[in-house]
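Below you'll find the structure, written out as structure tokens, and then a few comments.
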């Protein structure tokens, strides 16, 4: 049996389904959001935002292997996505694959400027892993 929010989403085109999914995701209604993101991807397998947001849901639920696959896919769809690179680094950190995580944090720097908050998050993650001491060039994007 479908939930009311999914019943409302059945007649939506992919753009409307994505917008509805984003609202549901923000409200913490992850299952319903996932279903709508999947519908968007059925219509357009290259829809970056749906792939990326499914990765976020997997990350939010500590489903690191699935999140890794989705963020890698998102990174292939948009090679300039700093967020996809950063979140792939977060996932790899969660999987204890620190050296790989550092590579993706570094790629994040090359994708564009970071806000002070994001810089703090990246530095904290690198310090947490002890990797900053092994790879000091990460702070300047090398």
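Here are a few things to note about the model shown:
- Single condition residue 62 does not satisfy, out of (1) assigned to a helix (DSSP H, G or I); (2) surrounded by fewer than 16 Cβ atoms within 10 Å (Cβ to Cβ): (1)
- Tally, over the stretch 22-49, of residues that are part of a helix (DSSP H, G or I) and more than 18 Å from residue 88 (Cα to Cα): 19
One line per residue, one yes/no per condition, for (1) in a loop (DSSP other than H, G, I, E, B); (2) surrounded by 19 or more Cβ atoms within 10 Å (Cβ to Cβ); (3) modelled with pLDDT of 85 or more:
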site: 51; (1), (2), (3): no, yes, yes
site: 101; (1), (2), (3): no, yes, no
site: 124; (1), (2), (3): no, no, no
site: 127; (1), (2), (3): no, no, no
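- Annotation: residue 58 fulfils all but one of (1) closer than 22 Å to residue 29 by Cα; (2) under 8 Å from the mean Cα position of the chain (by Cα); the unmet one is (2).
- Checked against (1) surrounded by fewer than 18 Cβ atoms within 10 Å (Cβ to Cβ); (2) within 17 Å of residue 84 (Cα to Cα); (3) in contact (Cβ under 8 Å) with a residue 12 or more places away in the chain, residue 56 passes all but a single condition, namely (1).
- Residue, modelled with the lowest pLDDT, within the stretch 9-29, restricted to residues that are more than 20 Å from the chain's Cα centre (by Cα) and surrounded by fewer than 13 Cβ atoms within 10 Å (Cβ to Cβ): 10
The values are calculated or read from the model by the stated rules, or taken from the named source; none is laboratory data. Keep in mind that what you see is a predicted model, and the values were worked out from it rather than measured. Please note: Cβ atoms are built from the backbone with ideal geometry, for glycine as well, and neighbour counts cover all protein chains shown.
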